[in-house]
């Protein structure tokens, strides 16, 4: 069973490309975006219009109407359920978005063990040499991969052993993907850096013209608290600072552009580590369809 994935940095044209594909083959779009899940946060999340969503079904959009946090584990479970329903309808699932932790959880599953707590980690930080000795003793293969100075990963090794009684190598084998029957066709939009930055700047200007400031004011008036998770997203947090009188409007715009470019660079670094990516430009619909047809 195949899943078509459209990945790429913010502002690269993922949604537009997915809609072009949906015009050519029977498919439904599954958003992979940690802000689009929240109702009311529309302009800053760059959601497609309701009219477009009526024409091409979109899932994992506007599913939360309060301020609860939505984890990658919750996303993978719900998205996997929806994808199986799309398959049953005889259509292609188009997974589209830039929240790459969500995507990794959907494709590969999540590490099954949580945290032992800050008190546990603090205790081991006080004894780095003992931490190194125990890490090497518990999992020499993992230790050889991370190196003798990677205290953060050694702490994680000790946490996992404390919680599960397994070393990292053994525990990693327990990670199970939520869709083991799926074959992911992973397309990543590839743009020259300056073209990407130009698109980002245009998108930010468009969001402000469309009423991003007014949207934030309306959300606050509706009772959404400032610590609501989507208010921490790029675009919303800078406008929130403007609305509170902490910065000016032009500074808010400049910061949104700056922070969005920084985020895009982090996404590109993440994507460089992804396996089996097929690089495409935003208009290579026929190339994508040809690959889908023959695989």
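Determine whether region 233-255 contains at least one residue that is crowded, with 16+ Cβ neighbours inside 10 Å, in contact with a strand residue (DSSP E or B) (Cβ under 7 Å, 6 or more places away or on another chain) and either in contact (Cβ under 8 Å) with a residue 40 or more places away in the chain or not assigned by TED's automatic domain parsing to the domain that holds residue 40 (or both). For region 233-255, residues crowded, with 16+ Cβ neighbours inside 10 Å, in contact with a strand residue (DSSP E or B) (Cβ under 7 Å, 6 or more places away or on another chain) and either in contact (Cβ under 8 Å) with a residue 40 or more places away in the chain or not assigned by TED's automatic domain parsing to the domain that holds residue 40 (or both): absent. When the residues of region 126-142 are filtered to those that are touching a residue at least 12 places away in the same chain (Cβ under 8 Å) and more than 16 Å from residue 165 (Cα to Cα), which remaining residue is surrounded by the most Cβ atoms within 10 Å (Cβ to Cβ)? The selected residue is 131.
Screening the candidates 78, 74, 88 for the property of being surrounded by fewer than 14 Cβ atoms within 10 Å (Cβ to Cβ) and over 24 Å from residue 154 (Cα atoms) yields one hit, 88. Considering only residues in region 26-55 that are part of a loop (DSSP other than H, G, I, E, B) and in contact with a strand residue (DSSP E or B) (Cβ under 6 Å, 6 or more places away or on another chain), the one that is surrounded by the fewest Cβ atoms within 10 Å (Cβ to Cβ) turns out to be 37.
Selection within region 71-102: residues that are in a loop (DSSP other than H, G, I, E, B) and either within 17 Å of the chain's Cα centre (by Cα) or not assigned by TED's automatic domain parsing to the domain that holds residue 233 (or both). The member of this set that is nearest to residue 268 (Cα to Cα) is 98.
The values are calculated or read from the model by the stated rules, or taken from the named source; none is laboratory data. Quantities reported herein were computed from a predicted structural model and do not represent experimental measurements. Counting neighbours? That spans all protein chains shown, and the Cβs are built from the backbone with ideal geometry, glycine included.
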